[in-house]
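K.L.:
Sharing a structure here in structure tokens format.
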Amino acid sequence: MRNFRLILGVFAAVLLAVAPQMGWAQSNVASGQIFGTCADPDGAMMPGVIIQVKNQDTGFTRGTVSDANGFFRLDLLPSGTYDVRGDLSGFKSEIKRGIVVTLGSSIKVEFQLALSAVEEEIIVTAESPVIETTNPSVASDVSSRAIANLPLNGRDFTDFVVLTPGAIAQSDESQGRGGISIAARGIQNSFNIDGANDQSSFFGEERGGTRPPFTFSQASIKEMQVIRNSYNLQFSAGGGIINAITKSGTNQFRGEVFGYYRDQSMTSTNARDDEIDDFEQKQYGFSMGGPVIKDKVHWFAGVDAQDREDPSFRYFRNLDDADIPLWESITGLDYDTEVGDIGQTNDALVFMIKFDWQINNSNLLT
């Protein structure tokens, strides 16, 4: 246990050293919030009610106390399903179960505590998702269920953007990341992962290279939000915002192994019935996570690999007859005309390792 605490201490020190780069993660852009009011049976607001929320999957807890107006708010809650409890001496405790907090959401929960001479508890189970009425953003959510189950050619999670209203796929790649326009030119899009800026300002895409196959595996992404507010001050973006969060471990060991194969025989021709060039694509990997210490420390790991070969047409122009011997002697190559297909590989490997440590009810280190 002592060695484990030492490792966590070193890990925390490293993260604190780069804290200025993590400022984005201080707001609700990578989490959600629960707020509400506490009242007695007559509708009078109740101060001093102890409010505690607990994540059903990870045991993550956070608490607060209602103010003089009976109002409470809990910020920076990781997405998930929560139980929300209200307690006050002399009143029946009330628990709201199954409150779903998603990326960027603000969920309202109201308590009406009844008088009680003995300690009693009332449990209320949420029957349907809560509809937000306080968030002014023009946004669309891509849920964890959609990310896990919808087919996606290439497993680049940003392709889900075109499923949201207002997103237009453009053939002109100068528009930025895959030519997707959201409220403005694609080059003005903003990418955020786990609250941190992941933007390549030159192309309006993710960091990691010029239009890479993927920089985060689809298996590592939990939820995604596409915001269509132009000049959104919260994100300092002139165009659309692609805001995503990665998965975390839970109190149960869970994982998946996947493999996908495609070639020209599985691809239909276009409207002109053009012949499909030979190609081969393999994608495979896994993701898994679980507890290190139940309700305290969790881990998650994901790996995604791609092996792909496509034909690339190449034409080497003839040189003047007088120049050919000179360049052949310098390069050792045959500079006679060559025309044809050359196999071009596009291999990639991405992986992610993530630890979450709930230090106390007020601090979570990721």
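The values are calculated or read from the model by the stated rules, or taken from the named source; none is laboratory data. Quantities reported herein were computed from a predicted structural model and do not represent experimental measurements. All Cβ positions, even for glycine, are placed from backbone atoms using ideal geometry, and neighbour counts span all protein chains on display.
K.L.:
Looking only at the range 93-105, count how many residues are more than 18 Å from the chain's Cα centre (by Cα) and either crowded, with 17+ Cβ neighbours inside 10 Å or assigned to a loop (DSSP other than H, G, I, E, B) (or both).
P.N.:
Of the residues in the range 93-105, the ones more than 18 Å from the chain's Cα centre (by Cα) are 93-99.
Filter once more, keeping what is either crowded, with 17+ Cβ neighbours inside 10 Å or assigned to a loop (DSSP other than H, G, I, E, B) (or both): 93-96, 99.
Total meeting the criteria: 5.
K.L.:
Applying the selection to the range 235-263, what residues are within 23 Å of L349 (Cα to Cα) and over 20 Å from the mean Cα position of the chain (by Cα)?
P.N.:
G259, Y260, Y261, R262, D263
K.L.:
Also: Being within 16 Å of F111 (Cβ to Cβ) and touching a Leu at 6+ places or on another chain (Cβ under 6 Å) is true for just one of V49, V84. Which residue is that? Working first, answer last.
P.N.:
Details: V84 fails: touching a Leu at 6+ places or on another chain (Cβ under 6 Å).
Within the list V49, V84, the selection yields V49.
K.L.:
Just a yes or no: is a residue in the range 243-251 farther than 22 Å from S140 by Cα and either without any contact (Cβ under 8 Å) to a residue 60 or more places away in the chain or surrounded by fewer than 19 Cβ atoms within 10 Å (Cβ to Cβ) (or both)?
P.N.:
Yes, that holds for at least one residue.
For every residue, the table says whether it meets (1) at pLDDT below 95; (2) outside any strand (DSSP E or B); (3) charged (D, E, K, R); (4) touching a Phe, Trp or Tyr at 6+ places or on another chain (Cβ under 9 Å).
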{"position": "A25", "(1), (2), (3), (4)": "yes, yes, no, no"}
{"position": "G36", "(1), (2), (3), (4)": "no, no, no, yes"}
{"position": "V53", "(1), (2), (3), (4)": "no, no, no, yes"}
{"position": "T64", "(1), (2), (3), (4)": "no, no, no, yes"}
{"position": "D83", "(1), (2), (3), (4)": "no, no, yes, no"}
{"position": "S89", "(1), (2), (3), (4)": "yes, yes, no, no"}
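K.L.:
Of the residues D40, D75, D87, D67, which single one is acidic (D, E) and under 27 Å from E223 (Cβ atoms)?
P.N.:
On the way: D40 fails: under 27 Å from E223 (Cβ atoms); D87 fails: under 27 Å from E223 (Cβ atoms); D67 fails: under 27 Å from E223 (Cβ atoms).
After ruling out the rest, the residue left standing is D75.
K.L.:
Another question, if that's okay. Just checking: which of the strands (runs of 3 or more DSSP E) contained wholly in the range 261-366 hold 3 or more residues that are modelled with pLDDT under 85 and on the phi < 0 side of the Ramachandran plot?
P.N.:
Of the strands (runs of 3 or more DSSP E) lying wholly inside the range 261-366, those with at least 3 residues that are modelled with pLDDT under 85 and on the phi < 0 side of the Ramachandran plot span 297-316, 338-345.
K.L.:
Within the range 61-90, track down each residue that is aromatic (F, W, Y) and crowded, with 22+ Cβ neighbours inside 10 Å.
P.N.:
F72, Y82
K.L.:
Hey, another quick one. So which of D87, D40, D75, D83 ends up being among the acidic types (D, E), more than 30 Å from Q252 (Cα to Cα) and in contact (Cβ under 8 Å) with a residue 24 or more places away in the chain? I'd like the intermediate steps shown before the answer.
P.N.:
Working: D87 fails: more than 30 Å from Q252 (Cα to Cα); D75 fails: more than 30 Å from Q252 (Cα to Cα); D83 fails: more than 30 Å from Q252 (Cα to Cα).
Of the residues listed, the single one that is among the acidic types (D, E), more than 30 Å from Q252 (Cα to Cα) and in contact (Cβ under 8 Å) with a residue 24 or more places away in the chain is D40.
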